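What follows is one structure encoded as structure tokens, with my remarks underneath.
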Amino acid sequence: MFAAVLRYFNQASPATVGIITVAIMLLFGFALTRITKLLKLPNVTAYIITGILIGPYCLNLVPQVVTGYTAFLPDVALAFIAFSTGQFFRLNILRGNGMKVLIITVLEACVASVFVFIATYFVLGMDLSFSVVLAALASATAPASTMMTIRQTGAHGDFVNTLLQVVALDDVVGLIAYSIAISIALASSASGSGFEFRHIIAPIMINMASVIIGAVLGLVLKMLLFPKRSTDNRLIISVAVLFGFVGVCEILGVSPLLGCMFMSTVYINITDDDKLFKQLNNFSPPILLLFFVRSGVGFDLGALTGGHNGGGTSLLTLGVVYFLVRIAGKYAGAFWGCLITHKDKLVRNYLGLALIPQAGVAIGLAELGARTLGGSMGSALRTVILASSVLYELIGPGCAKLSLALSHSYDKDAKEEPVTTPQDREKHLVNELIERIREIQTELPQHGLAVPVQAVNGTQGSHTLVRHMHSNNANYH
């Protein structure tokens, strides 16, 4: 029965196959998040596993041809990710504690890249192009699971503040590192055994051109998205500008990452309008889900035991080396960065543990890198990053919680409070107020002024309670 359905599905028209495939990817991706939510894992993990399960190497629900039809997804998804990253480059914030955070971020990102490059190029003997791109991907961090753990534990203090600032800037360093690395890889490939100066300067100049175009488009967005513009039209215009810029970058043969980042950086600093970012964040989840599921579809489990044409090392060995060396690099870089900036000992010793997760940006960059490198080299890059990202997201929340506990950022013995809505928090505060009033009533002399404390629900109940208090105070005086 199932085989018959698959045969009929594969014989349908391309439009039918495309529509049903998108529906399958969305529904299966959402369904699996219900399971990962119970395990307190990020949604990205569910999306990647969904792609693996419905892909051609497992259930084969998604035809291989669909990945070709959706080749634009990595560029579009990364454009949204890069655009949202630029909002953290507010000049007024960076002027404060920005230099210390910048030093820590650059060191923890770059040391991880250096460690991975040494391990892959000098120790394992991989190709220069492959090693430099993989090393650049090692710098990126996924903040979602770390921030989720902070909210669940209620952690606070200098450690948490430093961690949040570092993860906010980390992907920016990763985007820049990738842009430099892919330029070196292309220059190396173009010149054979070595590379010439002109092969390096040309990609850099093209990237600079994309940055300038992105900054100009940030000014254009400011002019187009004036305050009286409707919410729907703001979304239409911003998405159109992002898609158009991605298309221009595709023509130039350059990644849209840096340009999108500078576009949003210019926009946020001249408008201070964070509503646009919230609106785009509400629009982008289906796009990001499809992108991550598509990445999982292209993941070949059997390739982990195969070889790589740039060396005799199996992908399984390469993946294990990358997984462990990146962790060591992140920890060492964070430690040295905190040491240079004279951070507290607890921050210095445990910050690196919270920087282990890796998913969104790294997977997107791996897709772009795989397309640029091509062949078995590109396939190996995608396989290593996807496999390690799943493992990082599995152990990341536990490591983040351990770092928060060891740094005394929250009470380990206290029961974790679930993330609540503003209405729930208001009820909690009102109930605390009621209990406090009852305690005061038992301590004060009896004057016939008992406050009519009763079950209070929501804002209306809190207003009623306040009116009773004012009334009784008036009678007392």
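The values are calculated or read from the model by the stated rules, or taken from the named source; none is laboratory data. All figures in this text were calculated on a predicted structure; none of them were measured in a lab. Cβ atoms come from the backbone with ideal geometry, glycine included; neighbour counts cover every protein chain shown. Protein only, heavy atoms only, side chains kept; ligands, DNA and RNA dropped before computing areas. Shrake-Rupley method; radii C 1.70, N 1.55, O 1.52, S 1.80 Å.
Taking region 378-398 as the range and being free of Cβ contacts under 8 Å to residues at least 60 places away in the same chain and open to solvent by 30 Å² or more (accessible area, probe 1.4 Å) as the test, the residues that pass are Ile395, Gly398.
Against the definition (open to solvent by 10 Å² or more (accessible area, probe 1.4 Å) and closer than 18 Å to Thr313 by Cα), how does Gly375 come out, yes or no?
On the way: open to solvent by 10 Å² or more (accessible area, probe 1.4 Å): yes; closer than 18 Å to Thr313 by Cα: yes.
Here the answer is yes, as Gly375 does meet what is asked.
Scanning region 13-55 for residues that are open to solvent by 30 Å² or more (accessible area, probe 1.4 Å), modelled with pLDDT under 80 and of a type outside the set (Val, Ile, Thr) yields Ser13, Pro14, Ala15, Leu39, Lys40, Asn43.
The set of residues in region 102-127 being in contact with a Gly (Cβ under 9 Å, 6 or more places away or on another chain) and modelled with pLDDT under 90 consists of Leu124, Gly125, Met126, Asp127.
Against the numbered list (1) modelled with pLDDT under 75; (2) over 22 Å from the mean Cα position of the chain (by Cα), Asp232 comes up short only at (1).
Take the conditions (1) farther than 23 Å from Thr317 by Cα; (2) open to solvent by 30 Å² or more (accessible area, probe 1.4 Å); (3) assigned to a helix (DSSP H, G or I); Leu351 misses just one of them, which is (2).
How many of the residues in region 392-412 are part of a helix (DSSP H, G or I), of a type outside the set (Gly, Ala, Ser) and farther than 15 Å from Ala140 by Cβ? Number of matching residues: 8.
Screening Phe226 against (1) more than 21 Å from the chain's Cα centre (by Cα); (2) modelled with pLDDT of 80 or more; (3) among the hydrophobic types (A, V, I, L, M, F, W, C); (4) assigned to a helix (DSSP H, G or I) leaves a single unmet condition, (4). Taking Asp274 as the residue in question, decide whether it is among the acidic types (Asp, Glu), at pLDDT below 85, open to solvent by 40 Å² or more (accessible area, probe 1.4 Å) and more than 15 Å from Ala79 (Cβ to Cβ). So Asp274 fits the description; yes.
For every residue, the table says whether it meets (1) farther than 19 Å from Asp272 by Cα; (2) open to solvent by 60 Å² or more (accessible area, probe 1.4 Å); (3) touching a helix residue (DSSP H, G or I) at 6+ places or on another chain (Cβ under 8 Å); (4) touching a residue at least 40 places away in the same chain (Cβ under 8 Å).
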site: Asn207; (1), (2), (3), (4): yes, no, yes, yes
site: Val211; (1), (2), (3), (4): yes, no, yes, yes
site: Leu221; (1), (2), (3), (4): no, no, yes, yes
site: Arg229; (1), (2), (3), (4): no, yes, yes, no
site: Ile237; (1), (2), (3), (4): no, no, yes, no
site: Gly244; (1), (2), (3), (4): yes, no, no, no
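Scanning region 379-411 for residues that are more than 17 Å from Ile150 (Cα to Cα) and hydroxyl-bearing (Ser, Thr, Tyr), we see that the one that is farthest from the chain's Cα centre (by Cα) is Ser379.
The residues on offer are Leu304, Leu318, and the sole one that is part of a helix (DSSP H, G or I), modelled with pLDDT under 80 and farther than 29 Å from Ser264 by Cβ is Leu304. Quick check: anything in region 252-269 out of contact with any helix residue (DSSP H, G or I) (no Cβ under 7 Å at 6 or more places or on another chain) and under 17 Å from Phe80 (Cα atoms)? No - not one qualifying residue is present in region 252-269. Look at Val76 and say whether it is at pLDDT below 90, surrounded by fewer than 24 Cβ atoms within 10 Å (Cβ to Cβ) and of a type outside the set (Asp, Glu). Answer is yes for this residue.
Out of Val361, Val293, one residue alone is modelled with pLDDT of 80 or more, among the β-branched types (Val, Ile, Thr) and in a helix (DSSP H, G or I). It is Val293.
To keep it simple, each residue is scored yes or no on (1) touching an Asp or Glu at 6+ places or on another chain (Cβ under 9 Å); (2) at pLDDT 85 or above; (3) more than 22 Å from Ser388 (Cα to Cα); (4) assigned to a helix (DSSP H, G or I).
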| position | (1), (2), (3), (4) |
| --- | --- |
| Val132 | no, yes, no, yes |
| Ala135 | no, yes, no, yes |
| Ser139 | yes, yes, no, no |
| Thr146 | no, no, no, yes |
| Thr149 | no, no, no, yes |
| Asn161 | no, no, yes, yes |
| Leu164 | no, no, yes, yes |
